[in-house]
Amino acid sequence: MKPKFFIRLNLIGTVVFLLAFVIILASVNPFKASPFQIFLFYFVLFFLIFGVLNLLEKILRMPIWCRFLISATIIAILILQKKF
């Protein structure tokens, strides 16, 4: 895959997940949210963080598994904080 196409694809995906994140924040009441809505929130947030880290690839210079691990760790910390 060409780098230019990869960056455009990541940018489009990140913008889509950012819009989905804003819609979820604006329309879902966190105190009355169903388990599916909570799952959807964390799913969208994970891919938003992952997309931003992919876009910062030229600055951060880390392998893709490291970006995936950072995104998963942030989501895991948020889930653990919610439980306690």
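All of the numbers you see were taken from the coordinates with simple rules; none came from a lab. The shown structure was predicted, so the numbers you read here are calculated from the model rather than taken from an experiment. Neighbour counts are summed over all protein chains in view; Cβ atoms, including those assigned to glycine, are modelled from backbone coordinates with ideal geometry.
Could you sort the peptides 40-50, 1-11 by per-residue average Cβ neighbour count (10 Å cutoff), highest mean leading? Spell out each step's value before the answer.
Details: 40-50: 18.3, 1-11: 10.8.
The most tightly packed comes first, giving 40-50, 1-11.
What is the angle, in °, between the Cα long axis of helix 35-55 and the longest principal axis of the Cα atoms in the chain? Nearest 10 is fine, range 0 to 90.
20
Please give every one of the lysines within straight-line cross-link reach of LYS32, meaning a C-alpha to C-alpha distance under 24 Å, and leave out same-chain neighbours fewer than 8 residues apart.
Partners within reach: LYS82, LYS83.
Give the Cα extents of the chain along the principal axes, in whole Å, largest first.
Extents along the principal axes, in whole Å: 44, 25, 17.
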